[in-house]
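Q: Right, I'll just put the structure down here and ask away after.
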Amino acid sequence: MAKANILLVFLCSLGLLLLGGVGVEGNPNYRDALQKSFLFFQGQRSGKLPANQKVSWRSNSGLSDGSLDHVDLTGGYYDAGDNVKFNFPMAFTTTMLSWGTLEYGKRMGPQLQEARAAIRWATDYLLKCANSKPGKLYVGVGDPNVDHKCWERPEDMDTVRTVYSVSSSNPGSDVAGETAAALAAASLVFRRVDPKYSRLLLQTARKVMAFAIQYRGAYSDSLGSAVCPFYCSYSGYKDELLWGAAWLFRATNDAYYYNFLKTLGADDQPDIFSWDNKYAGAHVLLSRMALLGKDKNFEQFKQEAESFMCRILPNSPYSTTQYTQGGLMYKLPESNLQYVTSITFLLTTYGKYMKAKKQTFNCGSLFVTPKSLIGLAKRQARDAFNSILFPRTMI
């Protein structure tokens, strides 16, 4: 099953985290990897392409998207080799791009502008999806069952451009919560460089999050074969409610979102982080308040973030993570690198927070320092590259 977010999260998080925590020179050259990741984004663009498009062999496509429901849903990104726009993973990719830019943008040099452009290409589309019709959130374009049977360039596609949406009667708290997270995170990226656009993103994020909270339900149940088995919400929607509220709290500092977080009760204790399961990401994001802000109200999330790290570290007595003989993290047999790289992002970012305040913690008898987490992240980044270039060496 093809997933655009595998490469998107891999390339953007790998480049961003390494620029934040590891030297960028040498072999492989991570600065070059970051630059190329943004070319990949350009290659996945849907809609009317700009004059400064660097991937010149791509042209305009999907210019009638949304017309079947009399709205404009042009733009956004196609999913991997498909011509479908799946908003659930696309919004997660946007959230992660924004988070990476917020954490490591100052070290990205000229690629910071490329990062903002990649984020905005997604958020312009997500804004259309959220604001085109009252009471409706569009969550995808293109029939995946038909599209997967037809291999063709998006410029040449002749498959029906079906549009999919969630509403009060057909809810989708998961995709709505992720869309709200993406818009809120992006609002922080643009807060200083484009305040007007930032305000629009945040205003829309609030509206979409209110929809997610008020009308509870999984979009998989509402849309069925339009999203399953491609991007079913296997983990349910509670994690997206937590994730969306966490990002809106960071963007607004509004106590409403903190209070809402507390109403969600005990969280799952995962050993994975992905487009589907956001618990670990939310815990790390919220732990920032405890570590950097020294706010005791967020101590719970700090403990949950550290519990997650204890499930990942190879020498931890609580580890639930397998590693190959070559040292690469192994989570699931299908598309394993997406889990490796998203988890690596959390390792690096939590290590960064710890380092800023000279914090340590324990996994039973294992003493964990910032260097422990960042060192593992370095090895996973190296091994991820090697598994692509020399796959048999990582078995």
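Q: Which residue fluctuates the most in the chain, going by a Gaussian network model with Cα springs under 10 Å, if the choices are Gly351, Gly327, Gly62?
A: Per the Cα network of the chain with a 10 Å cutoff, Gly327 tops the list.
Q: Return one number: the angle in degrees, 0 to 90 and rounded to the nearest 10, between the long axis of the Cα atoms of helix 111-131 and the longest principal axis of the Cα atoms of the chain.
A: The angle comes out near 50 degrees.
Q: Sticking with this one: In whole percent, what relative contact order does the stretch 203-361 give with Cα contacts below 8 Å and a gap of six or more residues?
A: 16 percent
Q: FRET efficiency for Asp156 and Asn29, Cβ-Cβ distance as r, R0 = 22 Å, nearest 0.05?
A: 0.05
Q: Compute the relative contact order of the stretch 156-265 as a whole-number percentage, counting only Cα pairs closer than 8 Å that sit 6 or more residues apart in sequence.
A: Values: 146 pairs, mean separation 38.2, N = 110.
Across the stretch 156-265, relative contact order equals 35 percent.
Q: Relative to the longest principal axis of the C-alpha atoms of the chain, give the angle of the C-alpha long axis of helix 370-389, reported between 0 and 90° and rounded to the nearest 10°.
A: 50 degrees
Q: Among the trypsin sites (Lys or Arg not before Pro) in the stretch 286-373, which ones are in a DSSP loop with at most 10 other Cβ atoms within 10 Å of the Cβ? Mind listing them?
A: Passing sites in the stretch 286-373 are Lys294, Lys358.
Q: Tell me which aspartates and glutamates have Cα within less than 15 Å of Lys54's Cα, excluding those fewer than 8 residues away on the same chain?
A: Hits, sequence-local ones excluded: Glu114.
Q: Order Arg382, Arg45, most accessible first, counting only protein heavy atoms with a 1.4 angstrom probe.
A: Accessible-area ranking of Arg382, Arg45, largest first: Arg382, Arg45.
Q: Taking only protein heavy atoms into account and a 1.4 Å probe, give the accessible area per residue of the chain in Å².
A: 40 Å²
Q: If you don't mind, there's one more thing I want to ask. With a Förster radius of 30 Å, plug the Cβ-Cβ distance of Leu39 and Gln203 into 1/(1 + (r/R0)^6) and report the FRET value to the nearest 0.05. Walk me through the numbers on the way to the answer.
A: Numbers: r = 32 Å, r/R0 = 1.07.
Rounded to the nearest 0.05, the efficiency is 0.40.
Q: Right, here's the next one. Net charge near Gly177, counting Lys/Arg +1 and Asp/Glu -1 over other residues with Cβ under 10 Å of its Cβ?
A: So the environment of Gly177 carries a net charge of -2.
Q: Still on this structure, please answer the following. Please compute the length gained on full extension between Ser56 and Asn253, using 0.36 nm multiplied by the number of residues separating them and subtracting their Cα-Cα distance.
A: 66.7 nm
Q: Evaluate the Kirkwood expression for the hydrodynamic radius of the stretch 203-320, namely the inverse of the mean inverse distance over all pairs of different C-alpha atoms, and round to one decimal in Å.
A: So the Kirkwood estimate lands at 15.3 Å.
Q: Once you order the gyration tensor axes a ≥ b ≥ c over the Cα atoms, which shape class does the stretch 89-223 get: rounded for a/c under 1.5, otherwise prolate or oblate by comparing a/b with b/c?
A: Verdict is oblate for the stretch 89-223.
Q: Now for a different question. Which one, (1) 0.93; (2) 1.14; (3) 0.99, gives Cα Rg over 2.2 N^0.38 Å as derived from the coordinates shown?
A: (1)
Q: Here is a follow-up. Under 19 Å Cα to Cα from Lys278, which lysines show up? Leave out anything in the same chain fewer than 8 places away.
A: Within the straight-line cut-off, Lys278 pairs with Lys3, Lys238, Lys262, Lys302, Lys331.
Q: Let me ask you something else. Heavy-atom accessible area of Arg216 with all protein chains present, probe 1.4 Å, nearest 10 Å²?
A: 110 Å²
Q: Can you give the relative contact order of the chain as a percent, counting alpha carbon pairs under 8 Å and 6+ residues apart?
A: Relative CO of the chain lands at 14 percent.
Q: Next question. If R₀ is 41 angstrom, what is the calculated FRET efficiency for the pair Lys355 and Ser225, using the beta carbon separation as r and rounding to 0.05?
A: Details: r = 47 Å, r/R0 = 1.14.
Calculated value: 0.30.
Q: In the chain, carbon and sulfur make up what percent of the accessible area (probe 1.4 Å)?
A: Within the chain, the accessible surface is 52 percent carbon and sulfur.
Q: So how much slack lies between Phe367 and Val146, counting 0.36 nm per residue of separation and subtracting their Cα-Cα distance, in nm?
A: Numbers: separation 221, 0.36 × 221 = 79.56 nm, distance 5.25 nm.
Residue separation times 0.36 nm, minus the Cα-Cα distance, leaves 74.3 nm.
Q: Now for a different question. Using a simple spin-label model with points 7 Å from Cα along the Cα→Cβ vector, what separation in nm is obtained for Ser67 and Ala117?
A: In this crude label model, Ser67 to Ala117 measures out at 2.8 nm.
Q: To continue, here is another question. Can you compute the helix-only [θ] at 222 nm over the chain? Use -39500 (n - 2.57) per DSSP H run of at least 4 residues, normalise by all residues, nearest 500 deg cm²/dmol.
A: Theoretical 222 nm ellipticity from helices: -17500 deg cm²/dmol.
Q: Once fully extended, how much extra length lies between Arg379 and Thr320, figured as 0.36 nm per residue of separation less the alpha-carbon to alpha-carbon distance?
A: Taking 0.36 nm per residue and subtracting the Cα distance, the gain is 19.4 nm.
Q: Relative to the longest principal axis of the C-alpha atoms of the chain, give the angle of the C-alpha long axis of helix 279-291, reported between 0 and 90° and rounded to the nearest 10°.
A: It works out to around 60 degrees.
The values are calculated or read from the model by the stated rules, or taken from the named source; none is laboratory data. Note that the structure is a prediction, hence the values are computed from the model and not measured. Cβ: placed from backbone, ideal geometry, glycine included. Neighbour counts: every protein chain shown. With ligands, DNA and RNA removed, areas are computed over all heavy atoms of the protein, side chains included. Shrake-Rupley method; radii C 1.70, N 1.55, O 1.52, S 1.80 Å.
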